Amino acid sequence: MEQPLAVMFGAGNVGRGFLGQLFTESGYRVTFVDVVRPLVEALNRRGAYTLQLVTDEAVQEYTITNVSALFPSDTEAVAGALASCAIAATAVGVNALPKIAPVVAAGLERRRLAGEADPLNIIICENLKGAPDLFAEMLRPYLSEEGRQYLEEQVGLVDAVISRMVPIMPPEIAERDPSFIMAEPYKILPVNRLRFKGRIPEIVGMEPKDNFEAYVDRKLYTHNAGHAMHAYLGYLRGYTYGYEALGDPVILGLTRQAMQESSEALIARHGFARSDQYAHVEDLLRRFRNHRLGDTVFRLGRDPLRKLGPQDRLVGAARLVVETGGVPDALTWGIAAALLFDPAEDPAAMQLQELLRSAGLAETLRRVSGIEPGSPLSAMIAERYEHLKQGCWPALAAQAAD
């Protein structure tokens, strides 16, 4: 019997470095859809690719087989694959979703016209709250009236939380083998149980959750917040890599404290077990220190305008802490450090610095982060901002690393 087909839009870090492995281990053959010609050609030439899973202690190499690839411009072939597949997923980046909407819609129309009885679930692996509903709105203009009804009744657009860390491949490796990918071994994929249509497929690592919003918040305010903390603090201390920054006891202490502050807020808001949440923090700190991934503070910190948004990793976590009765002490050190992130090669960082020069700190916080001038949170950030500008760091932060 032929293996069921999974169609994976995006053959990048998440597609090739995570979902491709999960689908293959679950018995699917995988067709990737991607725009990068050398990558598509390499996947088709070999019918497989190499996935290297790395920790500080070990390197394991796997060959992911039974794969092929298509260009999204090949509408006929992509639509045919969607019409016959058992499951699909997207990991193309939010800005690229509008570009794949026409070909996805064509596939749904073909599936409908073929009389395919089984619903199609598409796992939306994009770093944005509400991505499934956003993608549905993008699909509707390309669908017939019957197609829009089919979308509502027979297509599950399922949001997911992606927590596997996959580094950017160095150019020399990509030139030698465009399909090679490296990642950490972490293999858990929380998905929104309530968004599936029909039977939920059994996929290795996939964990359907009823209270999915809690896991979205946990990813953003624990994982992403932790990344941002040691990236921005590490940049100020002159470190290149995230694992180097976490070797600094002051940065490690502040990062752990910030993640514990957001953890208490998440426990209060969503009911996570304290022991589980604190174990999650320590596991993340261990994973962040994986030197083989080579994650840089620049990559982790770039685009501070977005990452200082009102509901994003640092400001959103600080707000949640305040709302649940806590004090965002360490988190406000991280926000202050983000305001000082100024690498010339990051256009968003340059925009932020220009706004600070022209509008001042209080107004910048209002415009970028939605923090009102004169509020306690604004005052805390301003105090820490001035301290960091003068090179003054919290003397007790190192104790939190013990």
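Any read-out appearing in this document is the output of simple, stated calculations on the displayed coordinates, not a laboratory observation. Note that this is a predicted model, so its numbers are computed, not measured. Note that we place each Cβ from the backbone using ideal geometry, even for glycine, and neighbour counts take in every protein chain shown.
Could you list, in sequence order, the residues of region 1-38 that are closer than 15 Å to MET182 by Cβ and in a helix (DSSP H, G or I)?
Those that are closer than 15 Å to MET182 by Cβ and in a helix (DSSP H, G or I): ASN13, VAL14, GLY15, ARG16, GLY17, PHE18, GLY20, GLN21.
Filter region 187-203 down to residues that are in a loop (DSSP other than H, G, I, E, B) and under 19 Å from the mean Cα position of the chain (by Cα) and give me whichever is farthest from GLY271 (Cα to Cα).
Selected residue: LYS187.
Here is a list: LEU53, LEU97. Which entry is outside any helix (DSSP H, G or I), of a type outside the set (Phe, Trp, Tyr) and surrounded by fewer than 23 Cβ atoms within 10 Å (Cβ to Cβ)? Steps first, please.
On the way: LEU97 fails: outside any helix (DSSP H, G or I).
The unique qualifying residue is LEU53.
Tell me, which residue of region 320-357 that is in a helix (DSSP H, G or I) and in contact with a Pro (Cβ under 7 Å, 6 or more places away or on another chain) is nearest to LYS219 (Cα to Cα)?
Among residues in region 320-357 that are in a helix (DSSP H, G or I) and in contact with a Pro (Cβ under 7 Å, 6 or more places away or on another chain), the one nearest to LYS219 (Cα to Cα) is VAL321.
Can HIS270 be described as buried (at least 17 other Cβ atoms within 10 Å of the Cβ) and out of contact with any Gly (no Cβ under 8 Å at 6 or more places or on another chain)?
It is false that HIS270 is buried (at least 17 other Cβ atoms within 10 Å of the Cβ) and out of contact with any Gly (no Cβ under 8 Å at 6 or more places or on another chain).
Test of understanding: among ARG319, ARG302, which residue is closer than 19 Å to ARG384 by Cβ and either crowded, with 18+ Cβ neighbours inside 10 Å or in contact with a helix residue (DSSP H, G or I) (Cβ under 6 Å, 6 or more places away or on another chain) (or both)? Walk me through how you get there before you give the answer.
Details: ARG302 fails: closer than 19 Å to ARG384 by Cβ.
Of the residues listed, the single one that is closer than 19 Å to ARG384 by Cβ and either crowded, with 18+ Cβ neighbours inside 10 Å or in contact with a helix residue (DSSP H, G or I) (Cβ under 6 Å, 6 or more places away or on another chain) (or both) is ARG319.
In region 56-75, which residue that is hydrophobic (A, V, I, L, M, F, W, C) and in a loop (DSSP other than H, G, I, E, B) is surrounded by the fewest Cβ atoms within 10 Å (Cβ to Cβ)?
The qualifying residue surrounded by the fewest Cβ atoms within 10 Å (Cβ to Cβ) is ALA58.
Tell me which of these VAL104 doesn't satisfy, since it passes every other one: (1) farther than 21 Å from LYS197 by Cβ; (2) in contact with a strand residue (DSSP E or B) (Cβ under 9 Å, 6 or more places away or on another chain); (3) assigned to a helix (DSSP H, G or I); (4) not basic (Lys, Arg).
Of (1) farther than 21 Å from LYS197 by Cβ; (2) in contact with a strand residue (DSSP E or B) (Cβ under 9 Å, 6 or more places away or on another chain); (3) assigned to a helix (DSSP H, G or I); (4) not basic (Lys, Arg), only one is false for VAL104: (1).
Do you know which residues across region 14-63 are within 17 Å of MET169 (Cβ to Cβ), charged (D, E, K, R) and within 23 Å of the chain's Cα centre (by Cα)?
Across region 14-63, the qualifying residues are ARG16, ASP34.
If you scan region 131-174, which residues turn out to be of a type in the set (Val, Ile, Thr) and surrounded by fewer than 18 Cβ atoms within 10 Å (Cβ to Cβ)?
From region 131-174, those of a type in the set (Val, Ile, Thr) are 155, 158, 161-162, 166, 168, 173; that's our starting set.
Hits for region 131-174 are ILE168, ILE173.
Please specify each residue of region 373-393 satisfying the condition of being in a loop (DSSP other than H, G, I, E, B) and closer than 20 Å to ARG313 by Cβ. Lay out the reasoning, then the answer.
The first filter runs over region 373-393 and keeps only residues in a loop (DSSP other than H, G, I, E, B), leaving 373-375, 390-393.
SER375 - this is the single residue of region 373-393 that is in a loop (DSSP other than H, G, I, E, B) and closer than 20 Å to ARG313 by Cβ.
Go through region 206-225 and count every residue that is assigned to a loop (DSSP other than H, G, I, E, B) and closer than 17 Å to ILE124 by Cβ.
Here is the first cut: in region 206-225, the residues assigned to a loop (DSSP other than H, G, I, E, B) are 210-211.
Narrowing the set further to residues that are closer than 17 Å to ILE124 by Cβ leaves none.
Number of matching residues: 0.
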